[in-house]
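Chemist: Quick one: structure below, then a few questions.
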Amino acid sequence: MHEASIAVELLKVVEAQARQAGMSRVSGMKLRIGAFRMVVPELLSAAFEVVGQGTLAEGAEMRMETVPLVARCERCDEDVAVEDYVFFCPRCGAPLLEILSGKELDLVEMWGEGGESP
Amino acid sequence: MKVTLVQDILDANRRVSAANKRRFDEHGLLVLNLMSSPGAGKTTLLEHCISALAGELAIGVIEGDIQTSLDADRIEAAGAAFAHQINTRGACHIDGNMIAPVVDEMDLDALDLLFVENVGNLVCPAEFDVGEDEKLVLFSVTEGDDKPKKYPLMFQVSGVMLVNKIDLLPHLDADLDKIHAHARDVHPDMRIFDISCKTGEGLDAFYGWLREAVARKKATRV
């Protein structure tokens, strides 16, 4: 249930960014979440619904996009999709020590009322 | 209106943790974030480290628990140079914000090594840095050899794994080789120590690693 912890951090970011943009209400947001974060979208939405109560992001819609877990194989000199969290290259068996994507936990878009369009 | 941005959700914590780390770095103080399931033996391991390295390394511990100061009491009784209990009052992990005020109160020069004993949990603590040099995961053989596969992020972010309670292996179906293999699947260059806090087996190797890591960190002090 780390979704609750993430929701608390997300709210901080949403509030700060909304303030900065001069928004009075956030009605929706888009997140980009790496597969390795193992976030359950429904749980994150439910958690945000709770922590967002009484804030300018109360009831905000959440859209989530999952980023696949990809690592670099030095030996093949190629990017490989990591399956089942096994960090060895499926082609040559070399250890995959550099993660290229899949650990994202990013807020990439927010919409709502107030503020001026850039 | 619509705002397009790329903002790391955990950035607030990462920033506070980076500030904590800068302060530790200024003093050449090695900080280790110790994580595990509840009951794997974190506090017992720390008690052993403190008494075995007494007179050699001044060890401080920041204890994180949802409730009670039982662990800090044990750490203090073991002879730690510094012990502080954080009660998270429900939160399932320690983060950078929680330890920043504790760091304010500490004499960082009086310590050689600071452990942050996280809340017992294999999930959330993996997401939140505190300002550590290294994350350590303590795993006990009674937890079942499949756990590194079930909690991959925890075993991927931890550079060191300690496998505790190996004295119990003869009584269990758990297979030490499997535990190692599963951990290395998610973290191929994981440093592994097999230990028993009950019999003391394997602890000397870990103490040796601690001594070297402390010396390495001190050498970076400018």
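Chemist: For B:GLY39, are the conditions met, namely being within 14 Å of chain A (Cβ to nearest Cβ), of a type in the set (Gly, Ala, Ser) and under 29 Å from B:THR142 (Cβ atoms)?
Modeler: no
Here is a yes/no grid of residues against (1) farther than 30 Å from A:PHE88 by Cα; (2) in contact with a Pro (Cβ under 7 Å, 6 or more places away or on another chain); (3) not hydroxyl-bearing (Ser, Thr, Tyr):
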{"site": "B:ALA110", "(1), (2), (3)": "yes, no, yes"}
{"site": "B:GLU117", "(1), (2), (3)": "yes, no, yes"}
{"site": "B:GLU132", "(1), (2), (3)": "no, no, yes"}
{"site": "B:VAL141", "(1), (2), (3)": "no, no, yes"}
{"site": "B:ASP145", "(1), (2), (3)": "no, no, yes"}
{"site": "B:ASN164", "(1), (2), (3)": "no, no, yes"}
{"site": "B:LEU168", "(1), (2), (3)": "yes, no, yes"}
{"site": "B:HIS171", "(1), (2), (3)": "yes, no, yes"}
{"site": "B:ASP189", "(1), (2), (3)": "no, yes, yes"}
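Chemist: Residues in region A:34-56 that are over 16 Å from the mean Cα position of the chain (by Cα), within 24 Å of B:MET1 (Cβ to Cβ), not acidic (Asp, Glu) and not in a loop (DSSP other than H, G, I, E, B): how many? Can you show your working first?
Modeler: Within region A:34-56, the first condition is being over 16 Å from the mean Cα position of the chain (by Cα), and the residues that meet it are A:49-56.
Those left that are additionally within 24 Å of B:MET1 (Cβ to Cβ): A:49, A:51-56.
Applying the additional criterion that residues be not acidic (Asp, Glu) yields A:51-56.
Among the residues that remain, those that are also not in a loop (DSSP other than H, G, I, E, B) are: A:51.
Residues meeting the conditions: 1.
Chemist: Further question on the same structure: Restricting attention to region B:162-216, report how many residues are away from chain A (no Cβ under 14 Å), in a strand (DSSP E or B) and within 19 Å of B:VAL31 (Cβ to Cβ).
Modeler: Number satisfying all stated conditions: 2.
Chemist: Take A:VAL13 and decide whether it is assigned to a strand (DSSP E or B) and either modelled with pLDDT under 95 or hydrophobic (A, V, I, L, M, F, W, C) (or both). Let's see the steps before the verdict.
Modeler: Details: assigned to a strand (DSSP E or B): no; either modelled with pLDDT under 95 or hydrophobic (A, V, I, L, M, F, W, C) (or both): yes.
Against the criterion (assigned to a strand (DSSP E or B) and either modelled with pLDDT under 95 or hydrophobic (A, V, I, L, M, F, W, C) (or both)), A:VAL13 does not qualify.
Chemist: Within region B:140-158, can you find the residues that are within 14 Å of another protein chain (Cβ to nearest Cβ) and either surrounded by 15 or more Cβ atoms within 10 Å (Cβ to Cβ) or of a type in the set (Asp, Glu) (or both)?
Modeler: Step one: filter region B:140-158 for residues within 14 Å of another protein chain (Cβ to nearest Cβ), giving B:146-158.
Across region B:140-158, the qualifying residues are B:ASP146, B:LYS147, B:PRO148, B:LYS149, B:TYR151, B:PRO152, B:LEU153, B:MET154, B:PHE155, B:GLN156, B:VAL157, B:SER158.
Chemist: A further question follows. Just need a number here: residues in region B:26-42 that are buried (at least 17 other Cβ atoms within 10 Å of the Cβ) and part of a helix (DSSP H, G or I).
Modeler: Of the residues in that region, 1 qualify.
Chemist: Scan region A:59-72 and give yes if some residue there is closer than 24 Å to B:VAL157 by Cα, free of Cβ contacts under 8 Å to residues at least 40 places away in the same chain, more than 9 Å from chain B (Cβ to nearest Cβ) and not in a strand (DSSP E or B), otherwise no.
Modeler: Within region A:59-72 (the criterion being closer than 24 Å to B:VAL157 by Cα, free of Cβ contacts under 8 Å to residues at least 40 places away in the same chain, more than 9 Å from chain B (Cβ to nearest Cβ) and not in a strand (DSSP E or B)), the answer is yes, since at least one residue qualifies.
Chemist: Something else now. Taking the conditions exactly as written (of a type in the set (Phe, Trp, Tyr) and away from chain A (no Cβ under 13 Å)), does B:PHE128 satisfy them or not? I'd like the intermediate steps shown before the answer.
Modeler: Values: of a type in the set (Phe, Trp, Tyr): yes; away from chain A (no Cβ under 13 Å): no.
No: the conditions fail for B:PHE128.
Chemist: All but one of (1) in a helix (DSSP H, G or I); (2) within 9 Å of chain B (Cβ to nearest Cβ); (3) within 13 Å of the chain's Cα centre (by Cα) hold for A:LEU31; which doesn't?
Modeler: All conditions are met except number (1).
Chemist: State the number of residues belonging to region A:86-115 that are under 20 Å from the mean Cα position of the chain (by Cα), more than 7 Å from chain B (Cβ to nearest Cβ) and hydrophobic (A, V, I, L, M, F, W, C).
Modeler: Result for region A:86-115: 2.
Chemist: Additional query: When the residues of region B:115-161 are filtered to those that are over 15 Å from the mean Cα position of the chain (by Cα) and outside any helix (DSSP H, G or I), which remaining residue is nearest to B:VAL102 (Cα to Cα)?
Modeler: Per the criteria, the residue is B:TYR151.
Chemist: Counting only residues that are outside any loop (DSSP other than H, G, I, E, B) and of a type in the set (A, V, I, L, M, F, W, C), which one in region A:86-118 is farthest from A:ARG19 (Cα to Cα)?
Modeler: Among them, the one singled out is A:PHE88.
Chemist: I would also like to ask the following. When region B:190-215 is examined, which residues are found to be without any contact (Cβ under 8 Å) to a residue 24 or more places away in the chain and either touching a helix residue (DSSP H, G or I) at 6+ places or on another chain (Cβ under 6 Å) or more than 11 Å from B:HIS48 (Cβ to Cβ) (or both)? Explain how you work it out, then say what you get.
Modeler: The initial filter retains those residues of region B:190-215 that are without any contact (Cβ under 8 Å) to a residue 24 or more places away in the chain, namely B:204-205, B:208, B:212, B:215.
Answer for region B:190-215, where residues must be without any contact (Cβ under 8 Å) to a residue 24 or more places away in the chain and either touching a helix residue (DSSP H, G or I) at 6+ places or on another chain (Cβ under 6 Å) or more than 11 Å from B:HIS48 (Cβ to Cβ) (or both): B:ALA205, B:GLY208, B:GLU212, B:ALA215.
Chemist: What about A:VAL39, is it within 27 Å of A:VAL70 (Cβ to Cβ), out of contact with any Lys or Arg (no Cβ under 8 Å at 6 or more places or on another chain), surrounded by 15 or more Cβ atoms within 10 Å (Cβ to Cβ) and facing another protein chain (nearest Cβ under 8 Å)? Can you show your working first?
Modeler: Details: within 27 Å of A:VAL70 (Cβ to Cβ): yes; out of contact with any Lys or Arg (no Cβ under 8 Å at 6 or more places or on another chain): yes; surrounded by 15 or more Cβ atoms within 10 Å (Cβ to Cβ): yes; facing another protein chain (nearest Cβ under 8 Å): no.
No, not satisfied.
Chemist: Would you call B:ALA18 of a type in the set (Gly, Ala, Ser), closer than 30 Å to A:GLU104 by Cβ and surrounded by fewer than 22 Cβ atoms within 10 Å (Cβ to Cβ)?
Modeler: Against the criterion (of a type in the set (Gly, Ala, Ser), closer than 30 Å to A:GLU104 by Cβ and surrounded by fewer than 22 Cβ atoms within 10 Å (Cβ to Cβ)), B:ALA18 qualifies.
Chemist: Further question: Criterion first (without any contact (Cβ under 8 Å) to a residue 24 or more places away in the chain, over 30 Å from A:LEU107 (Cβ atoms) and surrounded by 18 or more Cβ atoms within 10 Å (Cβ to Cβ)) does B:ALA83 satisfy it?
Modeler: Judged against the criteria, B:ALA83 is a match.
The values are calculated or read from the model by the stated rules, or taken from the named source; none is laboratory data. What you see is a predicted model; the values in this text were computed from it and never measured. Please note: Cβ atoms are built from the backbone with ideal geometry, for glycine as well, and neighbour counts cover all protein chains shown.
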